[in-house]
1. Would you check if A316 is under 17 Å from D202 (Cβ atoms), modelled with pLDDT of 95 or more, among the hydrophobic types (A, V, I, L, M, F, W, C) and in contact with a Gly (Cβ under 7 Å, 6 or more places away or on another chain)?
2. Looking only at the stretch 579-602, count every residue that is buried (at least 20 other Cβ atoms within 10 Å of the Cβ), over 28 Å from the mean Cα position of the chain (by Cα) and not β-branched (V, I, T) and tell me the total.
3. Hey, does the stretch 154-169 have a residue that's assigned to a helix (DSSP H, G or I) and in contact with a helix residue (DSSP H, G or I) (Cβ under 9 Å, 6 or more places away or on another chain)?
4. Out of L231, L194, which single residue is surrounded by fewer than 24 Cβ atoms within 10 Å (Cβ to Cβ) and out of contact with any Asp or Glu (no Cβ under 9 Å at 6 or more places or on another chain)?
5. For the stretch 456-475, check the following and say yes or no: at least one residue is assigned to a loop (DSSP other than H, G, I, E, B), touching a Lys or Arg at 6+ places or on another chain (Cβ under 8 Å) and buried (at least 18 other Cβ atoms within 10 Å of the Cβ).
6. Out of all the residues in the stretch 209-222, is one or more over 30 Å from L302 (Cα atoms), part of a loop (DSSP other than H, G, I, E, B) and outside the structural domain of T84 (by TED's automatic domain parsing)?
7. Tell me the residue from T5, T84, T14 that is at pLDDT 50 or above and not aliphatic (A, V, I, L, M), please.
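The values are calculated or read from the model by the stated rules, or taken from the named source; none is laboratory data. Bear in mind that the values here come from a model prediction, so they are computed numbers and not experimental data. Quick reminder, even Gly has a Cβ in these numbers, built from the backbone with ideal geometry, and neighbours come from all protein chains shown.
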Amino acid sequence: MSRRTASRRAVSRTRAPLALAVGAALAAPLALAAPAPASATGQFTVTPLKFTVDAGGRTCTVDADLYRPAGVDAAHPAPAVLTTNGFGGSKSDGGTAATGKAFAERGYVGLVYSGLGFGKSGCLISLDDPKIDGKAASGLVDFLAGKRAADDGTTVDYVTKDAGSDPRVGMIGGSYGGAIQMATAAVDRRVDALVPMITWNDLGYSLDPNNASDRSVPGASKWQWMNGFYLIGEGQPLLEPSLDPSRVNSLTCLHFVTKACETIRTLNSGRYPADRTEALQEYARSVSPVSYLPQVKAPTLLIQGQVDSLFNLNEAQATYKTLKAQGTTTKMIWQSAGHSGGLTDAASGELNLSEGNLETSYVGKRILSWFDRYLQRKKGVDTGPAFAYHQDWVPGDSGPNGTYATASKVPALSQKLYLSGDGKLVENREKVARGSREYRNWLIPTSHSESSLAGLIGLPDPAPRDTKGTYLDWTTEPLTAAVDVVGSPKATLKVVSPRTERVQNSGDAADKLVLFAKLYDIAPDGRKTLVHRLVAPVRVPDVTKPFTVSLPGIVHRYEAGHKLQFVVAASDDAYVGNRGVKPVTVTSAPEDTGVIELPVVR
């Protein structure tokens, strides 16, 4: 049922350079249409503004547009919505500008701005650092409070206030425009409501994931995604001529803060000596919600995409658990659309403002209700269930929620399958056959899950594949009834790799074993589908001990007659893999074998 996103279609029709194309696609995750040129529209006016703000000891210029609804004045104030772009975008890209338009049409004051280092805003790209980007956004909240003026002297006195310098303000945006909301709320308690979409919890996990339970060991870097972003950042002169001098760092790190460039270089090196790994992880976490969520108290509606190999569902689930545990009001929606595509038509409940469906899509209605409750302060508004998820196997007109199912929580792990020595995946440990099988990696990647940037720039992507002898698989019998998996499956494994064992304590984590776990759906005719093209990279902490793998969260129906297949592969061409050839053996016996646990909805 998946279709190309509107942003994919728009980008694929251009012949822009790679940095331009990828930047545009990453900046428009919500498939929104751009508003009319800045002018009076009859419903609202748009006024371009510049702000000079303090960004953690730096002085930065922020380029913004102020959206003022008709009829809003000091006697008739309205709450405000603050939003900014995805990575590589600006206040003027389709998604960002359309957000200002959509909420201004619905009576909200909008302040839409280009993030630091993008568009015509100054300063370096600092990855939504709360001490820099969050601080800069707080200066814009000061403007909405009437506490300061724009650089041309413009002030506002028509934003609803809770106190003298406390405006009623919410934030919304996707990807890079999602994390900035939590960064801002962490440093400014005046923010009243957040709607972060398809964003990260921990950039260390996002760009260098290790899905083993022991996260002290680095992972396998997503070299395609990572270098795509790096190209966009360092290629800013292509995206924005006549750069503000404050946006230039050095010849070796043009437009990012220095620590960001150092992190990219470490990941690209494929080496993980202890000191560099510690610095990498410390910096990645410092600019990620995982490090500052305890300071986020604003009610938060998390929206994450199922079809997203950049920021998968596990990211939102980690944020959700933290916010819930500390008492922050939060709910979560797993929509179809993510960075890897998957936007379906409006009838199926997906948000697509280019079709004007805020009021008619499931996700759009949830967002409006969230702002009604926490910005308009309508206490009787129902903000919906704690958890909702898109089902791509359900027709769009199937009920009041369309393709969405709802629940009080994310389903727990409820079904176990065991790895048998004969390659079967069985439901009963007693059915496990004794046996050992081996695979080995080559010095080049032998498995393909995705070309991470292909969909974004309109290029075809070959089907997933694994090369014989470089992976092991375990497969169920045909299912007698449909099985719905909703959440993050878990695998407990034990491998034997003497060559790894000899070098894994060298002091460079790159000498540890890397493998890739994933789930396929095999149809009765033999067609194999890698569910959402997602894989779980693992750098095994210690091959002499069992280890646990959290696979990326999925929402997927295995139809009756289909088979579920679990695969462990030696490599994946979207990731940096093993250094050197490391043969691996997996042994099974009824009393000691690998286990797969699935969150099954019955």
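1. Numbers: under 17 Å from D202 (Cβ atoms): yes; modelled with pLDDT of 95 or more: yes; among the hydrophobic types (A, V, I, L, M, F, W, C): yes; in contact with a Gly (Cβ under 7 Å, 6 or more places away or on another chain): no.
Taking the combined requirement at face value, the residue does not satisfy it.
2. Total satisfying the criteria: 3.
3. Taking the stretch 154-169 as the starting set, the residues that turn out to be assigned to a helix (DSSP H, G or I) are none.
No, that holds for no residue.
4. On the way: L194 fails: surrounded by fewer than 24 Cβ atoms within 10 Å (Cβ to Cβ).
None of the others qualify; the one that does is L231.
5. yes
6. Looking only at the stretch 209-222, we keep the residues that are over 30 Å from L302 (Cα atoms), and these are none.
No, that holds for no residue.
7. Values: T5 fails: at pLDDT 50 or above; T14 fails: at pLDDT 50 or above.
None of the other options fit; the residue is T84.
Quick grid of which residues meet (1) free of Cβ contacts under 8 Å to residues at least 60 places away in the same chain; (2) over 27 Å from the mean Cα position of the chain (by Cα); (3) part of a loop (DSSP other than H, G, I, E, B):
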{"site": "T83", "(1), (2), (3)": "no, no, no"}
{"site": "F87", "(1), (2), (3)": "no, no, yes"}
{"site": "S92", "(1), (2), (3)": "yes, no, yes"}
{"site": "K101", "(1), (2), (3)": "no, no, no"}
{"site": "A104", "(1), (2), (3)": "no, no, no"}
{"site": "D133", "(1), (2), (3)": "no, no, no"}
{"site": "D142", "(1), (2), (3)": "yes, yes, no"}
